[in-house]
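Everything below concerns the one structure shown next.
The values are calculated or read from the model by the stated rules, or taken from the named source; none is laboratory data. In this text the structure is predicted, and so the values were computed from the model without any measurement. As a convention, Cβ positions derive from the backbone with ideal geometry for all residues, glycine included, and neighbour counts pool all protein chains shown. Note: areas computed on protein heavy atoms with side chains; ligands, DNA, RNA excluded. Shrake-Rupley method; radii C 1.70, N 1.55, O 1.52, S 1.80 Å.
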Amino acid sequence: MTETPANYTTAVSFAEKKVVVLKDLESLYNYRFSQAAAWAPIEHLHQEQIKLGFVPTMGALHEGHLELVRRAREKCQKVIVSIFVNPYQFAPHEDFSKYPRTFERDLELLHSVGADAVFYPDEKLVYPNGKDKITAVIPPTPLNDTLEGEFRPTFFRGVATVVLKLFNLVQPHIAFFGQKDYQQWKVIETMVKDLNLPVSIVGVPTVRERDGLAMSSRNAYLDEKARQEATNLYKALSTTKELMEGGKKPLQAADEAAKLLQESQGWQLQYLKVCHAESLEPVTDSYIKPCVIVAAAKLGEVRLIDNLPILDLP
Ligand code: AMP
């Protein structure tokens, strides 16, 4: 694991890499307010005003993250990426301390896709009084409590709180989220709507490995055998879709695909469900579009999530 040198406390160009590293509030604000139009809904900006795109991440970047940056580049004149492994969204038994941290490599990748700046705060900046003393954002039920929320009850509170804080700090016009974390994307969209935040949310389709496995920083935890097995999670989603297209009811289709997954090596399935694409309420009896097939499973100690949106209207 490598870090930026300790004296990189203000806005600097990182060696020749040109991605500006912003580590404190002063450098963030100086950069933010010199580079792009004031925070306002995108439809209220003049065409010539500079729009700021924002991609929040926890680092350990891969092609999935880079695709978000590319999309931001297409739509915005300036792009800031944040890298912050948010302790508030990890439960005590989860992998916060071993989560991969690869800052220098991340910077190189960000440079290669043309990000302008990276906001890289430390924990003290984000949680000056400690994470447990922050004013929290609690997404509404059932979005907060179903699917991921059932297995990670404080996860979306942690995500929504940090994303709201990052939005207030960075003040982006458009923020980009991966559909890979489908429920998270819906939580953020809901927060933005409910709290009238002047930011547009774009959901970017999941980037996959050649064999279908959704890219994820946590794939680095998989050993060779588990890596081969991991592709079966996406296969289970695809099988569910095929069974529904063949006439099976969503509940039956999901149960059948779940059985196939459980029969293969080392899986502990947490859920495999067909849900309404917006509300995430379960769809059981008839194949209604738009819907999304969502799944989470542990493969050994590694927890994987994936989904397959079926968005085309009938
Ligand atoms: P993370 O660093 O895991 O918090 O992810 C940061 C952002 O990248 C989130 O909006 C994720 O949904 C998105 N992301 C992660 N993996 C992928 C992927 N395979 N395809 C598209 N977006 C992704």
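Observations on the model:
- Anchor Lys193: lysines whose Cα lies under 18 Å away (excluding residues fewer than 8 positions away in-chain): Lys165
- Karplus (6.51, -1.76, 1.60) ³J(HN,Hα), θ = phi - 60°, over the range 188-196, in Hz, Gly and Pro reported as x: 5, 4, 5, 4, 4, 5, 5, 9, 6
- Percent of beta bridges antiparallel (DSSP, the range 6-204, rounded to nearest 5): 10
- Rounded tilt (10° steps) of 63-75 against the dominant C-alpha axis of the chain: 60
- Residue-normalised accessible area of the range 155-224, given per residue in Å² at a 1.4 Å probe: 36
- Here the range 134-180 exposes an accessible surface that is 59 percent carbon and sulfur, computed with a 1.4 Å probe and the other protein chains kept in place.
- In degrees, nearest ten, helix 25-35 long axis to first principal axis of the chain (Cα): 90
- Toward the positive end of the charge dipole of the chain, with +1 on the Cβ of Lys and Arg and -1 on the Cβ of Asp and Glu, the farthest Cα among Gly114, Tyr271, Thr239 is that of Gly114.
- Debye intensity ratio I(q)/I(0), log10, the range 130-282, q values 0.11, 0.12, 0.16 Å⁻¹ (C-alpha model): -0.53, -0.63, -1.04
- In the range 217-308, Rg over Rh equals 0.99, where Rg is the alpha-carbon radius of gyration and Rh the Kirkwood radius from pairwise Cα distances.
- For the range 217-308, the share of accessible area belonging to carbon and sulfur comes to 48 percent (1.4 Å probe, ligands and nucleic acids excluded).
- Acute angle (nearest 10 degrees) that the helix 224-245 long axis makes with the longest principal axis of the chain, alpha-carbon atoms: 60
- Here is the tail figure for the chain: Cα pairs spaced more than 27 Å apart come to 45 percent of all pairs.
- The range 165-237, Rg to Rh (Cα coordinates; Rh as Kirkwood inverse mean 1/r): 1.11
- Within the range 66-101: backbone nitrogen closer than 19 Å to the Lys18 label point (7 Å, Cα to C-beta): 66-67, 69-81
- More than 16 angstrom apart: percent of Cα pairs within the range 20-67: 56
- Of all accessible heavy-atom area on the range 57-110, the percent that carbon and sulfur account for (1.4 Å): 50
- Computed extension length for Glu224-Lys289: 19.7 nm, one decimal, from 0.36 nm per residue of separation with the Cα-Cα distance subtracted.
- Highest-first arrangement of 96-108, 163-175, where packing means the average Cβ count within 10 Å: 163-175, 96-108
- The packing ranking of peptides 294-307, 81-94, highest mean first, is 294-307, 81-94, where packing means the average number of other beta carbon atoms within 10 angstrom of each residue.
- Taking 0.36 nm per residue of separation and subtracting the Cα-Cα distance, full extension of the segment from Lys133 to His111 would add 4.4 nm.
- Here's how it looks for Val283: its modeled amide H is under 5 Å from those of Val274, Cys275, His276, which are all 5 or more places away or on a different chain.
- Once backbone amide H atoms are built at 1.01 Å from N, Tyr271 has Ala296 as its partners under 5 Å, excluding neighbours fewer than 5 places away on the same chain.
- The dipole here belongs to the range 217-308: it is taken about the Cα centre, uses +1 on the Cβ of Lys and Arg and -1 on the Cβ of Asp and Glu, and is about 60 debye.
- When the range 59-161 is reduced to its Cα atoms, the Kirkwood hydrodynamic radius in Å: 15.4
- When the residues Val159, Val20 are ordered by accessible surface, computed with a 1.4 Å probe over the protein chains alone, the sequence from largest down reads Val20, Val159.
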